[in-house]
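**Student:** The structure under discussion is supplied below as C-alpha cells; questions concerning it will follow.
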Amino acid sequence: MKEHVSESVAVRTVDLTRSFGSFVAVDRVSIDVPHGEVFGLLGANGAGKTTTIRMLCGLLAPSSGHAWVAGFDVVRESERVKSVIGYMSQRFSLYDDLTVEENLDFYGGIYGLHRRQLRSRKGELMELLGLTPHRAKLARTIPLGWKQRLALCCATLHRPKVLFLDEPTAGVDPISRRSFWNLVYELAEQGTTVFVTTHYMDEAEYCNRLAIMHEGRVVACDSPAALKSRFALPTVEEVFVRLVERQFGLSNSRPGEDQPRA
Ligand code: ATP
C-alpha cells in the first residue's frame, strides 16, 4: 500500500471500515482531502461520523481498510498522527476552574510549546477568536459559544496540519455558529486542513467539499454547489433527504404520500 502513503493529500482513506461485533458502523469509506480544504462529513445521528474521526485521529483501530493523515498511517504511525493534528471532540475538555488564559497555558504545556512560542501563539489566537477581553474569566462563567471558541483555540495552539472538529457547534445558536465558521475559515486560510463533522445543513453549505454519510457509507462526495446542481435541488438539505430516501428505495415518495407497502 506504499502508493497511498502520500503527502499530496492531507487525509486519505481507502475502504476504511469499523465494526462493533456484527454491526458495521463505518463501511468501506474512501475519501481524499487535499491540503487546505474545509471538508465536511454530514450525516444523521449514528451515521458513523465520530467513529470515522476517531480512526483518523489514531484513537480507534480500523477493522479493515487504510487511512493516512498528513502522510502518516493511522495504525502504524498513530503517535506521529497525534503530533500533527488538533482534535476538538464533542465533549471537549476545558477546565472550568481555570481562566480562559490558564486553559490555554495548560494545553500549550501538553503540546510542548516553549514559553515564548506559547505567549505569541496564545496572543495571536485570542485576538483572532475575540477572546482577549475574556482572558481572565473562569471558563465556567463564559457562555457556551465562547467555550467552543476557547476549545477551538486550545485545539489549534500547536499549529496542527489537520484540525478535526467533531460537531463543534452542537447546541449553539445560528449566529454563533456562523461566527465560529468564519474563524474556521481564517484558520484554513493560514494553511490548516479542517475536517469537520456536522448534522447542521447550514454548516454543510460552508464546506469546500462534503461527504454525505448514511448508515456507515459515503453516499455522495462533492462541493455543495456540485451536489445541488447534480440533483437539481436548491439546498444541501434537500440533496441529503433525496439521498437518504434513495437508500430506502423511497425516491418517488413525498412527505404525506402513502409509502409503498411491503
Ligand atoms: P452522532 O451524530 O450521534 O454523534 P455519528 O454519526 O457520530 O452520530 P457514531 O458515533 O460514529 O455516529 O456511531 C455510529 C454507530 O456506531 C452508532 O450506531 C453507534 O451506536 C455505534 N457505535 C459507536 N461506538 C460504538 C461502540 N464503542 N460500541 C458499539 N457500537 C458503537
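The values are calculated or read from the model by the stated rules, or taken from the named source; none is laboratory data. This one's a predicted model, so the numbers in the text were calculated from it and none came from an experiment. Positions of Cβ are backbone-derived with ideal geometry, glycine not excepted, and every protein chain shown enters the neighbour counts. Just so you know, the surface numbers come from the protein's heavy atoms only, side chains and all, with ligands and any DNA or RNA stripped out. Shrake-Rupley method; radii C 1.70, N 1.55, O 1.52, S 1.80 Å.
**Student:** What's the total number of residues in the range 74-84 that are more than 16 Å from the ligand (Cβ to nearest atom) and either open to solvent by less than 10 Å² (accessible area, probe 1.4 Å) or in a loop (DSSP other than H, G, I, E, B) (or both)? Even if it seems obvious, please write down each step before you answer.
**Tutor:** Going residue by residue through the range 74-84, those that are more than 16 Å from the ligand (Cβ to nearest atom) are 75-84.
Keeping just the survivors that are either open to solvent by less than 10 Å² (accessible area, probe 1.4 Å) or in a loop (DSSP other than H, G, I, E, B) (or both) gives 75-77, 81.
Looking only at that region, the number is 4.
**Student:** Would you point out which residue out of LEU94, LEU56 is in contact (Cβ under 8 Å) with a residue 40 or more places away in the chain and in contact with a helix residue (DSSP H, G or I) (Cβ under 6 Å, 6 or more places away or on another chain)?
**Tutor:** Numbers: LEU56 fails: in contact with a helix residue (DSSP H, G or I) (Cβ under 6 Å, 6 or more places away or on another chain).
Only one candidate passes the filter, namely LEU94.
Residue-wise test of (1) in a helix (DSSP H, G or I); (2) in contact (Cβ under 8 Å) with a residue 40 or more places away in the chain; (3) of a type outside the set (D, E, K, R).
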{"site": "TRP68", "(1), (2), (3)": "no, yes, yes"}
{"site": "ARG121", "(1), (2), (3)": "yes, no, no"}
{"site": "GLU127", "(1), (2), (3)": "yes, no, no"}
{"site": "HIS158", "(1), (2), (3)": "no, yes, yes"}
{"site": "GLY171", "(1), (2), (3)": "no, no, yes"}
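**Student:** So, one more: Starting from residues that are open to solvent by 20 Å² or more (accessible area, probe 1.4 Å) and outside any helix (DSSP H, G or I), keep the ones in the range 42-51 and report whichever is farthest from the ligand (Cβ to nearest atom).
**Tutor:** ALA44
**Student:** Which one of GLY256, GLY249 is exposed (fewer than 13 other Cβ atoms within 10 Å of the Cβ) and either within 29 Å of PHE23 (Cα to Cα) or at pLDDT 85 or above (or both)?
**Tutor:** Values: GLY256 fails: either within 29 Å of PHE23 (Cα to Cα) or at pLDDT 85 or above (or both).
None of the other options fit; the residue is GLY249.
**Student:** Within 16 Å of the ligand (Cβ to nearest atom), within 16 Å of the chain's Cα centre (by Cα), over 14 Å from VAL196 (Cβ atoms) and crowded, with 18+ Cβ neighbours inside 10 Å: which single residue out of ARG54, ARG91 fits that description? Quick ask: steps written out before the conclusion?
**Tutor:** Numbers: ARG91 fails: crowded, with 18+ Cβ neighbours inside 10 Å.
Going through ARG54, ARG91 in turn, just one is within 16 Å of the ligand (Cβ to nearest atom), within 16 Å of the chain's Cα centre (by Cα), over 14 Å from VAL196 (Cβ atoms) and crowded, with 18+ Cβ neighbours inside 10 Å: ARG54.
**Student:** Name the single residue, out of those in the range 129-144 being part of a helix (DSSP H, G or I), open to solvent by 50 Å² or more (accessible area, probe 1.4 Å) and at pLDDT 90 or above, that is nearest to LEU183 (Cα to Cα).
**Tutor:** Across the range 129-144, the extreme among qualifying residues is PRO133.
**Student:** Please work out which one of (1) away from the ligand (no atom under 16 Å from the Cβ); (2) in a loop (DSSP other than H, G, I, E, B); (3) aromatic (Phe, Trp, Tyr) is the condition PHE106 fails and give its number.
**Tutor:** With respect to (1) away from the ligand (no atom under 16 Å from the Cβ); (2) in a loop (DSSP other than H, G, I, E, B); (3) aromatic (Phe, Trp, Tyr), PHE106 is out only on (2).
**Student:** Let me ask you something else. Of everything in the range 109-119 that's surrounded by 12 or more Cβ atoms within 10 Å (Cβ to Cβ) and not in a helix (DSSP H, G or I), which residue is modelled with the highest pLDDT?
**Tutor:** LEU113
**Student:** Taking GLU186, is it open to solvent by 10 Å² or more (accessible area, probe 1.4 Å), touching a residue at least 12 places away in the same chain (Cβ under 8 Å), within 16 Å of the ligand (Cβ to nearest atom) and among the acidic types (Asp, Glu)?
**Tutor:** The answer is no for GLU186.
**Student:** Take PHE39 and decide whether it is crowded, with 20+ Cβ neighbours inside 10 Å and within 16 Å of the ligand (Cβ to nearest atom). Break it down into steps so the answer makes sense when it comes.
**Tutor:** Working: crowded, with 20+ Cβ neighbours inside 10 Å: yes; within 16 Å of the ligand (Cβ to nearest atom): yes.
The answer is yes for PHE39.
**Student:** Counting only residues that are polar (S, T, N, Q) and either under 20 Å from ALA10 (Cα atoms) or part of a loop (DSSP other than H, G, I, E, B) (or both), which one in the range 173-192 is modelled with the lowest pLDDT? Please lay out each step first, then the result.
**Tutor:** Residues of the range 173-192 polar (S, T, N, Q): 176, 179, 182, 190, 192.
With either under 20 Å from ALA10 (Cα atoms) or part of a loop (DSSP other than H, G, I, E, B) (or both) added as a condition, the list becomes 190, 192.
Working: GLN190: 84, THR192: 92.
The residue in question is GLN190.
**Student:** Taking the conditions exactly as written (open to solvent by 10 Å² or more (accessible area, probe 1.4 Å), in contact (Cβ under 8 Å) with a residue 40 or more places away in the chain and in contact with a helix residue (DSSP H, G or I) (Cβ under 7 Å, 6 or more places away or on another chain)), does LYS147 satisfy them or not? It would help to see each step written out before you state the result.
**Tutor:** Values: open to solvent by 10 Å² or more (accessible area, probe 1.4 Å): yes; in contact (Cβ under 8 Å) with a residue 40 or more places away in the chain: yes; in contact with a helix residue (DSSP H, G or I) (Cβ under 7 Å, 6 or more places away or on another chain): yes.
So LYS147 passes the test.
**Student:** Tally the residues that are within 16 Å of the ligand (Cβ to nearest atom) and touching a Phe, Trp or Tyr at 6+ places or on another chain (Cβ under 6 Å), restricting the search to the range 163-183.
**Tutor:** As a first pass, look at the range 163-183 and keep what is within 16 Å of the ligand (Cβ to nearest atom): 164-172, 177.
Add one more test, that the residue is touching a Phe, Trp or Tyr at 6+ places or on another chain (Cβ under 6 Å), and what stays is 164, 169.
The qualifying residues number 2.
**Student:** Conditions: (1) modelled with pLDDT of 95 or more; (2) more than 16 Å from the ligand (Cβ to nearest atom); (3) open to solvent by 50 Å² or more (accessible area, probe 1.4 Å); (4) basic (Lys, Arg). ARG28 meets all but one. Number of the miss?
**Tutor:** (2)
**Student:** Further, regarding this structure: Of the numbered conditions (1) within 14 Å of the ligand (Cβ to nearest atom); (2) within 15 Å of ALA211 (Cα to Cα); (3) of a type in the set (A, V, I, L, M), ALA61 fails exactly one; give the number of that condition.
**Tutor:** (2)
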